[in-house]
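Colleague: Provided herewith is a single structure, encoded as structure tokens, for subsequent inquiry.
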Amino acid sequence: MTLFAENSLGEDEKSGSGILLAEGQLDTRHGPILYLEDVSVSFDGFKALNNLSLYIDAGELRCLIGPNGAGKTTLMDVITGKTRPDTGSVFFGQTIDLLKMDEPAIAQAGICRKFQKPSVFDALTVFENLELALKADKRTWPTLFNRLNGEQRDRINQIIETIGLGTHHQLRAGILSHGQKQWLEIGMLLMQEPKVMLVDEPIAGMTHQEIERTAELLLSLQGQRSIVVVEHDMEFVRSIASKVTVLHEGSVLTEGTMDEVQNDPRVIQVYLGG
Amino acid sequence: MKLTGLGHDKTATMVLVALAAVTFIIPFCNLALPADSPMHFSAYTVSLLGKYLTFALLGLSLDLVWGYCGILALGHGAFFALGGYAMGMYLMRQIGTRGVYGDPLLPDFMVFLNWKELPWYWLGFDHFWFALLMVVLVPGALAFVFGWLAFRSRVTGVYLSIITQALTYALLLAFFRNEMGFGGNNGLTDFKELLGFNIQSEALRAVLLMMSGITLMTAFLVCRWLVNTKLGRVVTAIRDQESRVRFLGYRVEMFKLWIFVFAAMLAGVAGALYVPQVGIINPSEFSPLNSLEIVIWVAMGGRGTLYGAIIGAVLVNYSKTVLTGLMPEIWLFSLGAVFVIVTVLLPDGIVGLLKRRLQEQHS
């Protein structure tokens, strides 16, 4: 947990009255990095999320599964600030209230997202796509006068190698294959050095080999970052997840290991429509 | 294997050379060569070219917001007109007692309206530096307020285009009113002097052409620098995937706002150079049709290239001069036809067509 706790315990002990934390500081000492409690979202009467409560631990790799319309994407929308829930609370660590922040603020705080449809900037090169994602001062004026230093350049090149686009770094992203775009977007997430990565359907359109490498990559990040993966491919989920959460009709149906979940009669009923 | 940026440089250099030639050679040919020389350019040509260059600057500024940031602004002419009015107010103050009524304090139209004193917003326009400041500040401030409200509320696409159009139409109606104190229907005209020089003189016309050319070239280079910075790449990214940029942690509305404000200021400068060359500024410059024409220049030249906007502005306006001279009634029809043809057949404009031709030749 030392990876995330950014305040020294010594200071807190001196204060003598429990834990004093500056607002906006990430506190994960109780374990979870994301707290969603009683979150409800409805669109025109349809309850996309229904009193959903979910906790994601720091450093954990969690898979979300569920039939279409279970609320998986809506859940990501709520965490990243795209959709405001009608009720409930969403906290990042124990102290950061995500409902008070907008998308850029949440992204800067360290929650990054890969979209279901790969969203890269077609007109820019692979290198430029990653440059824009790079963790940096993202206000207008510093962006105008930004020059990459050697270290940042190395970091971009390193990520390009990680995502297997080494020979394509000067290529425009628009002409990449679907799978390569998925990888580029994962690379863009890594550039942001997020604390939480929300990854929506990462392997759609990928070849078998690419899927294996994606699984390897996600597993290698486990422990350093918290990763939430939404995926329909059960084989893929089995290959990466230690813990799986099943969503159904906007709430958590059950949680557990893949085996536990797959043998749960309620899950079978939901998927097979018994 | 297409590298971005490659090939752009050659065309950009060619455009710059052509601009430099117009800027420096034509005024020379006009002033230094005798009128019967075959290389002599008439004062009419000089003003005409000067006017084209200010339009090119206006097109350039629209390309920045539309071609790079994806904001289809249909009221960009408003900023041009405001810059023009600021310059026009300075030129009005230079008339002094030479007006028809010879009033030492008030411009003719105010005497005509029986006004007794100069409205407060005319104060300061006796000074050239103050007028220059207003040329950029007034369009910039309007763009700031408008952009702040629109971009923060995330108004985009067609809705934003319609609001920009409404903005310029509202200004058109406002400036038509005599009570506004900007000369109403007739606008500001009958200028005599600019910085003490006779505004009708050939020398001043030649200098104004040069100033327009130099400003255009400078603006072109600044815009090129701008779009090649990281900010330029963020702006391009906003054009293609606005919400994705937000999830990277950029405040999209601020980037849009500053590009919009900067472009409005450039448009204001274009207007300020335009007014002394045509000798009049009136509310018709706010007409929505004018703003639509700017969009057509940029679309025709090829958006998102900067030099495309310059080429488009000059070509369309040259055709306008020729056609309205020959058959004034068909101009609007041909403009409409050009827009349809460009939209359907040439999505990347003339520049895109030339590029494709060049690539075909290579392969």
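Colleague: Among B:Leu171, B:Leu195, B:Leu208, B:Leu133, which is the only one that is among the aliphatic types (A, V, I, L, M), over 21 Å from the mean Cα position of the chain (by Cα) and over 30 Å from A:Pro104 (Cβ atoms)?
Modeller: B:Leu195
Colleague: Also, quick follow-up: Evaluate segment B:18-25: report whether one residue or more is of a type outside the set (A, V, I, L, M), assigned to a helix (DSSP H, G or I), under 22 Å from B:Leu188 (Cβ atoms) and in contact (Cβ under 8 Å) with a residue 60 or more places away in the chain.
Modeller: Looking for residues that are of a type outside the set (A, V, I, L, M), assigned to a helix (DSSP H, G or I), under 22 Å from B:Leu188 (Cβ atoms) and in contact (Cβ under 8 Å) with a residue 60 or more places away in the chain, one finds none in segment B:18-25, hence no.
Colleague: Next question. Report the residue count in segment B:247-296 for those that are in contact with a Cys (Cβ under 9 Å, 6 or more places away or on another chain), more than 14 Å from every other protein chain (Cβ to nearest Cβ) and at positive phi.
Modeller: Count: 0.
Colleague: May I pose another question? If I ask for residues that are among the β-branched types (Val, Ile, Thr) and either buried (at least 23 other Cβ atoms within 10 Å of the Cβ) or closer than 30 Å to A:Asp264 by Cβ (or both), which ones from segment A:57-95 would you list?
Modeller: A:Ile65, A:Thr73, A:Thr74, A:Val78, A:Ile79, A:Thr80, A:Thr83, A:Thr87, A:Val90
Colleague: Determine whether segment B:192-208 contains at least one residue that is in contact with a strand residue (DSSP E or B) (Cβ under 9 Å, 6 or more places away or on another chain), part of a loop (DSSP other than H, G, I, E, B), of a type in the set (Val, Ile, Thr) and more than 14 Å from every other protein chain (Cβ to nearest Cβ).
Modeller: Yes, that holds for at least one residue.
Colleague: Would it be correct to say that A:Ala105 is in contact (Cβ under 8 Å) with a residue 12 or more places away in the chain, part of a helix (DSSP H, G or I) and either closer than 23 Å to B:Arg251 by Cβ or away from chain B (no Cβ under 14 Å) (or both)?
Modeller: Considered against the rule, which asks whether it is in contact (Cβ under 8 Å) with a residue 12 or more places away in the chain, part of a helix (DSSP H, G or I) and either closer than 23 Å to B:Arg251 by Cβ or away from chain B (no Cβ under 14 Å) (or both), A:Ala105 comes out as yes.
Colleague: Of all residues being surrounded by fewer than 24 Cβ atoms within 10 Å (Cβ to Cβ) and aliphatic (A, V, I, L, M) in segment A:97-131, which is nearest to the chain's Cα centre (by Cα)? Just the residue, please.
Modeller: Only one residue fits best here, namely A:Ala109.
Colleague: Among (1) surrounded by fewer than 21 Cβ atoms within 10 Å (Cβ to Cβ); (2) small (Gly, Ala, Ser); (3) closer than 30 Å to B:Leu72 by Cβ, where does B:Gly213 come up short?
Modeller: Condition (1) is where B:Gly213 drops out.
Colleague: Would you be able to say whether some residue in segment B:321-329 is of a type in the set (D, E, K, R) and either closer than 18 Å to B:Leu57 by Cα or part of a helix (DSSP H, G or I) (or both)?
Modeller: Yes, segment B:321-329 contains at least one residue that is of a type in the set (D, E, K, R) and either closer than 18 Å to B:Leu57 by Cα or part of a helix (DSSP H, G or I) (or both).
Colleague: Kindly evaluate B:Asp9 against the criterion of being surrounded by fewer than 18 Cβ atoms within 10 Å (Cβ to Cβ), closer than 19 Å to B:Gly302 by Cα and at pLDDT below 90.
Modeller: yes
Colleague: Turning to a different aspect of this structure: May I ask you to list the residues in segment A:135-182 that are surrounded by 19 or more Cβ atoms within 10 Å (Cβ to Cβ), more than 9 Å from every other protein chain (Cβ to nearest Cβ) and not basic (Lys, Arg)?
Modeller: Matches in segment A:135-182: A:Ile156, A:Ile159, A:Ile160, A:Ile163, A:Leu165, A:His168, A:Ala173, A:Leu176, A:Gly179, A:Gln180, A:Gln182.
Colleague: Condition check: more than 30 Å from B:Lys116 (Cβ to Cβ), crowded, with 18+ Cβ neighbours inside 10 Å and hydroxyl-bearing (Ser, Thr, Tyr). Does B:Ser153 satisfy that?
Modeller: no
Colleague: Give the residue that is farthest from the other protein chains (Cβ to nearest Cβ), with candidates limited to residues of segment B:237-246 that are surrounded by fewer than 24 Cβ atoms within 10 Å (Cβ to Cβ) and in contact (Cβ under 8 Å) with a residue 40 or more places away in the chain.
Modeller: Checked segment B:237-246; the qualifying residue farthest from the other protein chains (Cβ to nearest Cβ) is B:Glu242.
Colleague: If I go through segment A:182-197 residue by residue, how many of them are within 18 Å of A:Glu151 (Cβ to Cβ) and under 9 Å from the mean Cα position of the chain (by Cα)?
Modeller: Count: 0.
Colleague: Being among the aliphatic types (A, V, I, L, M), surrounded by fewer than 20 Cβ atoms within 10 Å (Cβ to Cβ) and in a helix (DSSP H, G or I) is the filter here, so list the residues in segment A:241-271 that pass it.
Modeller: Those that are among the aliphatic types (A, V, I, L, M), surrounded by fewer than 20 Cβ atoms within 10 Å (Cβ to Cβ) and in a helix (DSSP H, G or I): A:Met258, A:Ile268, A:Val270.
Colleague: Being in contact with a Leu (Cβ under 8 Å, 6 or more places away or on another chain) and either closer than 30 Å to B:Thr229 by Cβ or assigned to a loop (DSSP other than H, G, I, E, B) (or both): is that true of A:Ile56 here?
Modeller: Spelling it out, it is not the case that A:Ile56 is in contact with a Leu (Cβ under 8 Å, 6 or more places away or on another chain) and either closer than 30 Å to B:Thr229 by Cβ or assigned to a loop (DSSP other than H, G, I, E, B) (or both).
Colleague: Residues that are within 14 Å of chain A (Cβ to nearest Cβ), farther than 20 Å from B:Gln277 by Cα and not in a loop (DSSP other than H, G, I, E, B): does segment B:213-220 have at least one?
Modeller: no
Colleague: I'm trying to understand the selection: among the residues of segment A:143-183, which are touching a Gly at 6+ places or on another chain (Cβ under 8 Å) and of a type in the set (Phe, Trp, Tyr)?
Modeller: A:Trp183
Colleague: I'm told B:Leu72 meets every condition in (1) over 28 Å from B:Leu208 (Cα atoms); (2) away from chain A (no Cβ under 14 Å); (3) at pLDDT below 90 except one. Can you identify the failing condition by its number?
Modeller: (3)
Colleague: Of the residues B:Leu72, B:Leu58, which is touching a Phe, Trp or Tyr at 6+ places or on another chain (Cβ under 6 Å) and more than 22 Å from B:Val275 (Cβ to Cβ)?
Modeller: B:Leu72
Colleague: State which residue pairs qualify: first residue more than 26 Å from A:Phe43 (Cβ to Cβ) and inside segment A:244-270, second residue surrounded by fewer than 15 Cβ atoms within 10 Å (Cβ to Cβ) and among the acidic types (Asp, Glu) in any location, beta carbons under 7 Å apart, and separation of 6 or more residues or different chains.
Modeller: Filtered contacts from segment A:244-270: no entries.
The values are calculated or read from the model by the stated rules, or taken from the named source; none is laboratory data. Values in this document were obtained by computation on a predicted structure and should not be read as measured data. Cβ sites come from the backbone with ideal geometry, for glycine too, and all protein chains shown count toward neighbours.
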